[in-house]
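Visitor: One structure, as structure tokens, below. Some questions next.
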Amino acid sequence: QVQLVESGGGLVQPGGSLRLSCAASGITFAPYPMAWYRQNPGKQRELVAAISSGGSTNYADSVKGRFTISRDNAKKTVYLQMNSLKPEDTAVYYCKLQRGGLEYWGQGTQVTVSS
């Protein structure tokens, strides 16, 4: 059974940093693209960053230059380093693994940016 578990969320002041982790189990991790999404109540889930199996990355315009996605295939983990955080980055952050036409999601981790 595929399982994704996020961690690393919390409360941080504007301008601060957080590092999110998403650990996968029950699947061979390396061949599949991974992504981070975020969602606020009443809003659609939006793509934040994605990384291919080969390490190519892409980012939402709103986070370019501030967030960095990376992966460690040996640890079956994808990371999201978030710097220069803004109040508008507040959301529940989810990781996703794409295996062909199937999507696997974690349970989410809350990130709150507030003074």
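Visitor: Quick one: Karplus J couplings for region 93-104, per residue in order, coefficients 6.51, -1.76, 1.60, θ = phi - 60°, nearest Hz, x for Gly and Pro?
Guide: Karplus-based 3J(HN,Hα) across region 93-104 equals 9, 10, 9, 9, 10, 10, 10, x, x, 9, 10, 10 Hz.
Visitor: In terms of modelled amide H atoms, which long-range or inter-chain residues lie less than 5 Å from the amide H of Gly108?
Guide: Here Glu6, Cys95 satisfy the definition.
Visitor: Write down the Kirkwood hydrodynamic radius of region 42-93, to one decimal in angstroms, obtained as one divided by the mean of 1/r over all alpha carbon pairs. Kindly include the intermediate steps, with their values, before the conclusion.
Guide: Values: mean 1/r = 0.0823 Å⁻¹.
This gives a value of 12.1 Å.
Visitor: Below 19 Å, Cα to Cα, which lysines can Lys64 reach? Residues fewer than 8 away in the same chain don't count.
Guide: Result set, ordered by chain and number: Lys86.
Visitor: Continuing with the same structure: Report, in debye and to the nearest 20, how large the dipole of region 30-77 comes out about its Cα centre when Lys and Arg carry +1 and Asp and Glu carry -1 on their Cβ.
Guide: On the way: 8 positive and 3 negative charges, 27 e Å.
Its charge dipole is roughly 120 debye.
Visitor: Also, I was wondering about something else. Take the alpha-carbon centre of region 1-46, take the same for region 95-114, and report the distance between them in whole Å.
Guide: Each part reduced to its Cα centre gives a spacing of 5 Å.
Visitor: Can you pull the percent of region 2-57's accessible area that's carbon plus sulfur, 1.4 Å probe, other chains left in place?
Guide: In region 2-57, the share of accessible area belonging to carbon and sulfur is 48 percent.
Visitor: Leaving out same-chain residues fewer than 8 places away, which lysines sit with a Cα under 23 Å from that of Lys75?
Guide: The qualifying lysines are Lys96.
Visitor: Suppose every Lys and Arg Cβ carries +1 and every Asp and Glu Cβ carries -1, with no other charges. What dipole size does the chain come out with about its Cα centre, to the nearest 20 debye? Please list the in-between numbers first.
Guide: Details: 12 positive and 7 negative charges, 25 e Å.
That gives the chain a dipole magnitude of about 120 debye.
Visitor: Provide the per-residue ³J(HN,Hα) series for region 77-90, in order, calculated from phi with Karplus coefficients 6.51, -1.76, 1.60 and θ = phi - 60°, each as a whole number of Hz, with x at glycine and proline positions.
Guide: 9, 10, 10, 9, 8, 10, 10, 6, 5, 10, x, 6, 7, 4
Visitor: Once Lys and Arg get +1 and Asp and Glu get -1 on their Cβ, which of Leu97, Val113, Val63 lies farthest toward the positive end of the dipole of the chain?
Guide: Positive-end residue among those listed: Leu97.
The values are calculated or read from the model by the stated rules, or taken from the named source; none is laboratory data. Here the structure is a predicted model, which means the values were calculated and not measured. Reconstructed Cβ throughout: ideal geometry from the backbone, glycine too, with neighbour counts over all protein chains shown. Note: areas computed on protein heavy atoms with side chains; ligands, DNA, RNA excluded. Shrake-Rupley method; radii C 1.70, N 1.55, O 1.52, S 1.80 Å.
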